[in-house]
Amino acid sequence: MNTLDSKQIKSPQDLKRLNIDELKEVCDGIRRRIIDVVENNGGHLASNLGTVELTVALHYVFDCPDDKFIFDVGHQAYTHKILTGRDEAFDGLRKNGGISGFPKPEESEYDAFPTGHASTSLSVALGLAEAAKRMEKNETEVAIIGDGALTGGMAYEALNAIGSEKLPVVIVLNDNNMSISKNVGAMSKYLTRLRISKKYSRMKTEIKRAVSIIPLFGDGALNLLDKGKRFLKRVVLSNKMFEEMGISYYGPFDGHDLGEMIEVFKQVKRKDGPKLVHLITDKGHGLKSATVDPEHSHGISSSDAPIGKDFSCVLGEFLHVAAERDKRITAVTAAMAIGTGLEKFALEHPDKFKDVGIAEEHAVTYCAALAAGGLKPYFAVYSTFLQRGFDQLLHDVGIGGYPVTFCIDRAGAVGADGVTHQGIFDLSYLMPIPGMTIMCPTDGTEFRQMLEFSLGFDRPLALRYPKSYFTERDHAPVVYGKWETIKQSKSNIYILCVGGRALDIAERAFDGGDANIVNARFVKPIDSDFLDSINRKGNIIVTIEDNVRIGGFGMSVLDYLTTCGNNVSFRALAHGDVYIDNRDIDEAFVMSGITEENLIKTVKSLE
């Protein structure tokens, strides 16, 4: 077998008939397959190349789908998908009609649970194990979690429960010492000590063998060696965290040694209670560029993806300059320094940069405390991940009214990463927070203006933007709570737009036509003076936003108009009451009716 194809591996059962050499050839074929597809379609490259052998070994020993595999985050499940009858469909990775880049139960019985956010797998594994026990099913839950995801607080809550419940959960710790951004914190240091243990074990064995054969001296030397060994073990491996939590620890082992992993998994499968198998892997294994630079090979865009200008670059450049003149500025990220544009800031201002790891809840409260202490924190975070810190937004930032600036990246429809990563809910969960101000820039010029405004703003502030912008405009100065009229007309039609994409749609729809086009740069507070001025019988108002309709900007406008006595004809264009799993942003807008054609049709229906 020189290459892998769908005719040879249709299910994990096909692996069980192969010997070790053949399994290695399967791994080589899978690795080539992943590289070819990801370089064309985009996707998560380095993480999947690092887990090929690990996944093959798991499928060889365990019996999925009877045994449940839960991939933490889920972006490293490409090998799993290829091995479970989806090799042909893999050409459509991240494309409409193709397979998801993350586990998806609707897609296959082999995907036990939908995952897309970090640090969730251990809780899922424990829940499935408890359900299996109650339903009298004979199965094993296997959670595959990375060392980066293990920095998340939710993982520790689950570890505590797993250790006390004593159910047969297998935790596979995929330790590559590299999450999206460099791992930070005490857990990372602890794992570093554990990585030494394999070298320590080998060294101990070799020394003992050598000393034992020394004539007349061997026995005494061995006693002395034992004392030294115990001292060395206390120094090197003083922390037995997992064992003390009631979880049997095995490792670390070479995560690319198929034979060793298969034997380890066979032994672990026969043991009772919760177990943790610690594997050392190379992120990007088998592709030199991905191994050397795994951070920038984490997520790759497709070769035909539209190229715009990044809001994240604007953020990084602005904060870099602003920090030179304002010593209060502190940039905070949750393991996403590169994705949010803070990589240069981290290098130039290490004393003003904090990466808290995969711990968004902690990051929000930490920023609140920084602000309470007199600093000016900017938390750069993807919209989908800020969801995890809602209680902290409401309780720790909102009640105190602390001046934290949330730079919410990847807001709105995001395309290829699929349903778990869509940023279409942030307006709806931010709007109810008393005292929260929400601004949405349309382009880099306006974003810089808003960031400059934020420096002197002393209340909670959210700046919400997608990854890219395509149109650059001149803008009026930012005035608190005031909107900007982009196109003024004597028409009775008013199009209120949130963000650059909405504004682009309105401008294309009425290119040469007659309508007032407004940049609703403040989503909260809304421009009540402007709404009062147009709340007259016969006027038409249509709002456009890249957010779900429920709880969004349009509903806020309608609520105000209704409270004041609604005299206008009103419609809101937004995403519906559904989860979006469209892999293309433009097509997601089409499916939701957020298009110039539907805008024109909507206006005509109101005339």
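The values are calculated or read from the model by the stated rules, or taken from the named source; none is laboratory data. Everything quoted here is computed from the prediction, not taken from an experiment. Methodologically, a virtual Cβ is constructed for each residue, glycine included, from the backbone with ideal geometry; neighbour enumeration extends over all protein chains shown. Calculation scope for accessible area: heavy atoms of the full protein, side chains included, ligands and nucleic acids excluded. Shrake-Rupley method; radii C 1.70, N 1.55, O 1.52, S 1.80 Å.
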| request: Give the residues of the stretch 122-155 that are out of contact with any Phe, Trp or Tyr (no Cβ under 8 Å at 6 or more places or on another chain) and over 30 Å from VAL364 (Cβ atoms), sorted by residue number. | output: ALA129, GLU130, ALA131, ALA132, LYS133, ARG134, MET135, GLU136, LYS137, ASN138, GLU139, GLU141
| task | Hand me the list of helices (runs of 4 or more DSSP H) wholly inside the stretch 515-598 holding 3 or more residues that are under 26 Å from the mean Cα position of the chain (by Cα) and modelled with pLDDT of 95 or more. | result | none
| field | Verdict on TYR469 being open to solvent by 10 Å² or more (accessible area, probe 1.4 Å) and in contact with a helix residue (DSSP H, G or I) (Cβ under 6 Å, 6 or more places away or on another chain) | value | yes
| said: Give me the residue from the stretch 399-428 that is hydrophobic (A, V, I, L, M, F, W, C) and open to solvent by 30 Å² or more (accessible area, probe 1.4 Å) and, out of that set, nearest to GLY374 (Cα to Cα). | reply: ILE399
| remark: Taking first residues from the stretch 384-403 that are free of Cβ contacts under 8 Å to residues at least 60 places away in the same chain and second residues anywhere that are charged (D, E, K, R) and assigned to a loop (DSSP other than H, G, I, E, B), the pairs with Cβ under 7 Å that are 6 or more apart or on different chains are GLY401/ARG459; PRO403/ASP458; PRO403/ARG459
| Is it the case that some residue within the stretch 114-121 is in contact with a Gly (Cβ under 8 Å, 6 or more places away or on another chain), in contact (Cβ under 8 Å) with a residue 60 or more places away in the chain, at positive phi and open to solvent by less than 30 Å² (accessible area, probe 1.4 Å)? | yes
| request: Only one of these is small (Gly, Ala, Ser), at pLDDT below 95 and closer than 24 Å to PHE457 by Cα: GLY389, GLY415. Name it. | output: GLY389
| query | From the list TYR494, TYR579, which one is on the phi < 0 side of the Ramachandran plot, in contact with a helix residue (DSSP H, G or I) (Cβ under 6 Å, 6 or more places away or on another chain) and surrounded by 19 or more Cβ atoms within 10 Å (Cβ to Cβ)? | reply | TYR494
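Matching residues to (1) part of a helix (DSSP H, G or I); (2) in contact with a His (Cβ under 9 Å, 6 or more places away or on another chain); (3) closer than 16 Å to GLY551 by Cα:
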position: SER428; (1), (2), (3): yes, no, yes
position: THR442; (1), (2), (3): no, yes, no
position: THR445; (1), (2), (3): yes, yes, no
position: GLN449; (1), (2), (3): yes, yes, no
position: PHE453; (1), (2), (3): yes, no, no
position: PRO466; (1), (2), (3): no, no, no
| task | Check whether at least one residue in the stretch 56-63 is more than 24 Å from the chain's Cα centre (by Cα) and open to solvent by 20 Å² or more (accessible area, probe 1.4 Å), and report yes or no. | result | yes
| The lone exception for TYR190 - which of (1) touching a helix residue (DSSP H, G or I) at 6+ places or on another chain (Cβ under 7 Å); (2) farther than 27 Å from ASN41 by Cβ; (3) at pLDDT 85 or above; (4) of a type in the set (Phe, Trp, Tyr) it fails | (3)
| message | Scan the stretch 118-136 and tell me whether some residue there is over 20 Å from VAL419 (Cβ atoms) and in a loop (DSSP other than H, G, I, E, B). | response | yes
| task | Please give the number of the condition ALA502 fails out of (1) within 28 Å of the chain's Cα centre (by Cα); (2) not in a helix (DSSP H, G or I). | result | (2)
| said: Checking the condition open to solvent by less than 30 Å² (accessible area, probe 1.4 Å), touching a helix residue (DSSP H, G or I) at 6+ places or on another chain (Cβ under 8 Å), of a type in the set (Asp, Glu) and touching a residue at least 24 places away in the same chain (Cβ under 8 Å), which residue from ASP91, ASP87 passes? | reply: ASP87
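Table: residues versus (1) farther than 30 Å from ASP586 by Cα; (2) among the hydroxyl-bearing types (Ser, Thr, Tyr); (3) touching a strand residue (DSSP E or B) at 6+ places or on another chain (Cβ under 6 Å).
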site: HIS395; (1), (2), (3): yes, no, no
site: ILE408; (1), (2), (3): no, no, yes
site: ALA416; (1), (2), (3): no, no, no
site: VAL419; (1), (2), (3): no, no, no
site: GLN422; (1), (2), (3): no, no, no
